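Colleague: Below is a structure I'd like to ask you about.
The values are calculated or read from the model by the stated rules, or taken from the named source; none is laboratory data. As the structure is a computational prediction, the values presented were derived from the model and not from experiment. All Cβ positions, even for glycine, are placed from backbone atoms using ideal geometry, and neighbour counts span all protein chains on display.
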Amino acid sequence: MARVVVLPGDGIGPEVVGAALQVLREVAPDVTLEEHPIGGAAFEAAGDPFPPGTRDALAGADAALLGTVGGAPDSAWNHLPRPQRPESGLLRLRQHLGVFANLRPVQVMPGLEHLSPLRPEIAAGVDLLIVRELLGGAYFDPRRGRGEDAAFNTIGYSRAEIERVGEHAFRAAQERRGVLTSVDKANVLEVSELWRDTVTAQAQAYPRVTLNHEYVDSVATLLVTRPQRYDVLLTENLFGDILSDLAAVLPGSLGLMPSASLGARTGLYEPVHGSAPDIAGQGVANPAGTILSAALLLRYSLGRGSEADRVEAAVRTALAAVPTRDLGGTATTAELTAAVLRAL
Ligand code: NAD
Ligand code: IPM
Ligand code: MN
């Protein structure tokens, strides 16, 4: 029987995960859901943002569903030694699971164009996928350091690291509209030269995919002025982090954005947004990104594509009827969740 490890985390994490669990229990009542602490909550409970109990629970699990981690700007957590901070717990979780390919789909759903702050002719029909490398680059490179008046980080990639995430991007493009845009800064960075060469060589194996290379600064503009030109975007870790928050402008809110992180047996599913300390505890967070992440979990880790389709359709119906505050509406977390359950 399928087993999912549930990691609510900090801030609005428990609120949005609570919503997604209601939906999962409705469409997949046979799945075992097991909650464990992560992030700041785990540091408070166990002195470690990714404690051994949580790590052990992941062994043999089919998937993990995560809320968010991290505190407010003035949180004491931000002054802990880096390995003990909430965000380090998340990075260690990703590394432990070996999930190097982070898929962040961005869709302006039919009938929800009005939720985008962009003009409808720009936003309508947008359906793109950001494939973000998740276990390399500046985030994990050991060549880093901080002195009193100087500090440095390093963006290092090996050909093998580029190839394994590239494979996910090519395969996705092949199953979609067949256009892959590789994002880099090859006009300045050696690591981007290797990225570009590697992806170009890989393209031989995917004759049905058209490969383009674009500079990350240019992509930042085109993503919000001509988003319909993109199908799959392949990026290194930090570029993908930034571009995916930017891409949230297209559907209308960061609260709508789901993600799936794949690579090894146990997939990790989490919304793209953070712990939103400014609204945490108020019951007004948009749970759609987490519910849609649960849909991705059903599709990719549990092989239940038709349930995933049902959840996605129900979220669309609910958002059209009762948009949350981040989308200019008034619905609370509970009201949107109830609307999703009704639409199911
Ligand atoms: P954030 O994503 O938490 O919030 C940015 C803005 O978006 C805020 O105004 C917030 O209220 C709003 N927002 C985010 N999610 C929302 C939702 N579901 N519904 C309605 N509004 C939503 O980014 P931040 O403020 O830069 O970071 C806050 C904390 O979260 C930091 O500690 C940061 O390190 C952490 N963080 C964690 C993750 C993660 O767990 N994956 C991701 C990003 C940031
Ligand atoms: C995200 C977050 C994380 C990241 C942080 C919290 C470590 O911003 O999932 O996008 O940068 O990967
Ligand atoms: Mn981010």
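Colleague: Taking the condition of being within 16 Å of ligand 3 (Cβ to nearest atom), touching a residue at least 60 places away in the same chain (Cβ under 8 Å) and either of a type outside the set (S, T, N, Q) or assigned by TED's automatic domain parsing to the domain that holds Leu91 (or both), how many residues in the stretch 198-238 meet it?
Modeller: 3
Colleague: Condition test on Leu21, is it of a type in the set (A, V, I, L, M, F, W, C), part of a helix (DSSP H, G or I), more than 16 Å from ligand 3 (Cβ to nearest atom) and under 22 Å from the mean Cα position of the chain (by Cα)? Break it down into steps so the answer makes sense when it comes.
Modeller: Numbers: of a type in the set (A, V, I, L, M, F, W, C): yes; part of a helix (DSSP H, G or I): yes; more than 16 Å from ligand 3 (Cβ to nearest atom): yes; under 22 Å from the mean Cα position of the chain (by Cα): yes.
Against the criterion (of a type in the set (A, V, I, L, M, F, W, C), part of a helix (DSSP H, G or I), more than 16 Å from ligand 3 (Cβ to nearest atom) and under 22 Å from the mean Cα position of the chain (by Cα)), Leu21 qualifies.
Colleague: Tell me the residue from Gly18, Gly53, Gly89, Gly111 that is small (Gly, Ala, Ser) and under 24 Å from Val165 (Cα atoms), please. Spell out the reasoning first.
Modeller: Values: Gly18 fails: under 24 Å from Val165 (Cα atoms); Gly53 fails: under 24 Å from Val165 (Cα atoms); Gly111 fails: under 24 Å from Val165 (Cα atoms).
After applying the criteria, what remains is Gly89.
Colleague: Does Phe152 qualify as being on the phi < 0 side of the Ramachandran plot, aromatic (Phe, Trp, Tyr) and within 20 Å of the chain's Cα centre (by Cα)?
Modeller: Numbers: on the phi < 0 side of the Ramachandran plot: yes; aromatic (Phe, Trp, Tyr): yes; within 20 Å of the chain's Cα centre (by Cα): no.
No: the conditions fail for Phe152.
Colleague: Hey, another quick one. For the stretch 218-234, which positions are within 9 Å of Leu128 (Cβ to Cβ) and β-branched (Val, Ile, Thr)?
Modeller: Val232
Colleague: Also, I was wondering about something else. For the stretch 138-147, state whether one or more residues are within 16 Å of ligand 2 (Cβ to nearest atom), touching a Ser or Thr at 6+ places or on another chain (Cβ under 6 Å), at pLDDT 95 or above and farther than 24 Å from Thr181 by Cα.
Modeller: At the first step, the residues of the stretch 138-147 found to be within 16 Å of ligand 2 (Cβ to nearest atom) are 138-141, 144.
From what's left, touching a Ser or Thr at 6+ places or on another chain (Cβ under 6 Å): 141.
Filter once more, keeping what is at pLDDT 95 or above: 141.
Checking which are farther than 24 Å from Thr181 by Cα leaves us with 141.
Within the stretch 138-147, one or more residues are within 16 Å of ligand 2 (Cβ to nearest atom), touching a Ser or Thr at 6+ places or on another chain (Cβ under 6 Å), at pLDDT 95 or above and farther than 24 Å from Thr181 by Cα.
Colleague: I'm told Glu270 meets every condition in (1) among the acidic types (Asp, Glu); (2) within 8 Å of ligand 1 (Cβ to nearest atom); (3) over 16 Å from Val4 (Cβ atoms) except one. Can you identify the failing condition by its number?
Modeller: So Glu270 meets the others, but not (3).
Colleague: Hey, another quick one. Taking strands (runs of 3 or more DSSP E) that do not extend beyond the stretch 195-270, which have at least 1 residues that are crowded, with 19+ Cβ neighbours inside 10 Å and within 16 Å of ligand 2 (Cβ to nearest atom)? Full working, then the answer.
Modeller: Values: elements: 210-215, 232-235, 260-262, 267-269.
By residue number, 232-235, 260-262, 267-269.
Colleague: In addition: When the residues of the stretch 31-72 are narrowed to those that are in a loop (DSSP other than H, G, I, E, B) and small (Gly, Ala, Ser), which ends up farthest from the chain's Cα centre (by Cα)?
Modeller: We begin by selecting, within the stretch 31-72, every residue in a loop (DSSP other than H, G, I, E, B); these are 31, 36-38, 47-51, 59-62, 69-72.
Next cut, small (Gly, Ala, Ser) only: 47, 59-61, 70-72.
On the way: Gly47: 26, Ala59: 22, Gly60: 22, Ala61: 20, Gly70: 15, Gly71: 19, Ala72: 20 Å.
So, considering only residues that are in a loop (DSSP other than H, G, I, E, B) and small (Gly, Ala, Ser), the one farthest from the chain's Cα centre (by Cα) is Gly47.
Colleague: Within the stretch 78-87, take every residue that is over 15 Å from Arg146 (Cβ atoms) and within 13 Å of ligand 1 (Cβ to nearest atom) and give me the one that is surrounded by the most Cβ atoms within 10 Å (Cβ to Cβ). Can you show your working first?
Modeller: Of the stretch 78-87, the ones over 15 Å from Arg146 (Cβ atoms) are 84, 86-87.
Cutting the leftovers down to within 13 Å of ligand 1 (Cβ to nearest atom) gives us 86-87.
Details: Pro86: 29, Glu87: 19.
Only one residue tops the list, namely Pro86.
Colleague: Okay, next question. Which one of these is away from ligand 3 (no atom under 16 Å from the Cβ) and under 15 Å from the mean Cα position of the chain (by Cα): Gly274, Gly267? Break it down into steps so the answer makes sense when it comes.
Modeller: On the way: Gly274 fails: away from ligand 3 (no atom under 16 Å from the Cβ).
Step by step, each of Gly274, Gly267 is checked, and only Gly267 is away from ligand 3 (no atom under 16 Å from the Cβ) and under 15 Å from the mean Cα position of the chain (by Cα).
Colleague: Could you please give the count of residues in the stretch 302-344 that are under 22 Å from Gly281 (Cβ atoms) and under 22 Å from the mean Cα position of the chain (by Cα)?
Modeller: Summing the residues that are under 22 Å from Gly281 (Cβ atoms) and under 22 Å from the mean Cα position of the chain (by Cα) in the stretch 302-344 gives 9.
Yes/no matrix, rows are residues, columns are (1) in contact with a Phe, Trp or Tyr (Cβ under 6 Å, 6 or more places away or on another chain); (2) farther than 21 Å from Gly240 by Cβ; (3) surrounded by fewer than 20 Cβ atoms within 10 Å (Cβ to Cβ):
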| position | (1), (2), (3) |
| --- | --- |
| Val23 | no, yes, no |
| Phe50 | no, yes, no |
| Asp62 | no, yes, yes |
| Gly70 | no, no, no |
| Ala76 | no, yes, yes |
| Val108 | no, no, no |
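Colleague: Now, a different point. Considering each of Ala294, Ala248 in turn, give the residue that is more than 14 Å from ligand 3 (Cβ to nearest atom) and either closer than 30 Å to Thr154 by Cβ or touching a residue at least 12 places away in the same chain (Cβ under 8 Å) (or both).
Modeller: Working: Ala248 fails: more than 14 Å from ligand 3 (Cβ to nearest atom).
Result of the check over Ala294, Ala248: Ala294.
Colleague: With (1) assigned by TED's automatic domain parsing to the domain that holds Gln174; (2) at pLDDT 95 or above; (3) more than 19 Å from Val272 (Cβ to Cβ) as the list, and Gly111 as the residue in question, which single condition is left unmet?
Modeller: Unmet for Gly111, out of (1) assigned by TED's automatic domain parsing to the domain that holds Gln174; (2) at pLDDT 95 or above; (3) more than 19 Å from Val272 (Cβ to Cβ): (2).
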